[in-house]
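As structure tokens, the structure follows; a few thoughts come after it.
We did not get these values from a lab; they are worked out from the coordinates using the rules stated. Since the model is a prediction, treat every value here as computed from it, not as a measurement. Positions of Cβ are generated from backbone atoms using ideal geometry, with glycine treated the same way; all protein chains shown enter the neighbour counts.
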Amino acid sequence: MSVYSNKISFKTRGNCEIINITDKLKSILAKSRIKNGLINVFVPGATGAITTIEYEPGVVSDFQALLKEIVREDCEYNHNKTHSDGNATSHLRASLLGPSLSVPVDNGDMVLGVWQQVVFVEMDNRSRERSLVVKIIGE
């Protein structure tokens with residue numbers, strides 16, 4: 001059993017920006033030389049999230065609109081009353097998706113559907129420097 005660790009770092013624009021990280025994960029997996037196991041990606045922080053979608057402009061736009069409809073910006077949130085950053089929507093949206101995702105690895109490849117990509121969703125209401133933690137466990 002082996003454990004391989006790495007990071008993915010990038011800058012975001014904020015406001016439900018969706019970034020496809022699939023190719024970066026595939027590159028890290030290749031470097032790990034792990035052929036069978038699990039790859040996990042984790043967002044340190046409370047305003048970012050990880051999920052899978054078909055990363056094409058229509059779905060990306062629809063998903064952003066859905067997040068903004070589910071957690072609307074025109075509501076009064078208690079977090080905004082006690083914190084000056086005004087990012088209650090950021091925390092709530094991120095909590096819906098969660099900070100991590102695990103994908104099986106078989107024969108050196110991530111097991112994803114034909115149109116399925118792993119994406120980071122920047123929920124914060126401002127640009128951020130992000131550094132995602134990647135752990136691969138297997139043999």
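Tabulated data for the structure shown
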{"read-out": "Test for R126: is it surrounded by 13 or more Cβ atoms within 10 Å (Cβ to Cβ) and in a strand (DSSP E or B)", "value": "no"}
{"read-out": "Any chance K7 is of a type in the set (D, E, K, R), without any contact (Cβ under 8 Å) to a residue 60 or more places away in the chain and either surrounded by fewer than 16 Cβ atoms within 10 Å (Cβ to Cβ) or closer than 13 Å to V134 by Cα (or both)", "value": "no"}
{"read-out": "Check on S27, within 23 Å of R128 (Cβ to Cβ), among the small types (G, A, S) and under 14 Å from the mean Cα position of the chain (by Cα)", "value": "no"}
{"read-out": "Long-range neighbours under 8 Å by Cβ, at least six apart or interchain, first residue under 18 Å from S127 (Cβ atoms) within region 83-105, second in a strand (DSSP E or B) and among the β-branched types (V, I, T)", "value": "R93/V121; A94/V121"}
{"read-out": "Residues being farther than 16 Å from S27 by Cα and among the β-branched types (V, I, T) - total across region 108-125", "value": "2"}
{"read-out": "Positions within region 53-100 being of a type in the set (S, T, Y), surrounded by fewer than 14 Cβ atoms within 10 Å (Cβ to Cβ) and assigned to a helix (DSSP H, G or I), in sequence order", "value": "S61, T82"}
{"read-out": "Filtered residue count, region 27-44, keeping only those that are crowded, with 21+ Cβ neighbours inside 10 Å, in contact with a Leu (Cβ under 9 Å, 6 or more places away or on another chain) and not in a strand (DSSP E or B)", "value": "1"}
{"read-out": "Checklist (1) within 17 Å of S9 (Cβ to Cβ); (2) more than 13 Å from the chain's Cα centre (by Cα); (3) part of a loop (DSSP other than H, G, I, E, B) applied to G113, failing item", "value": "(1)"}
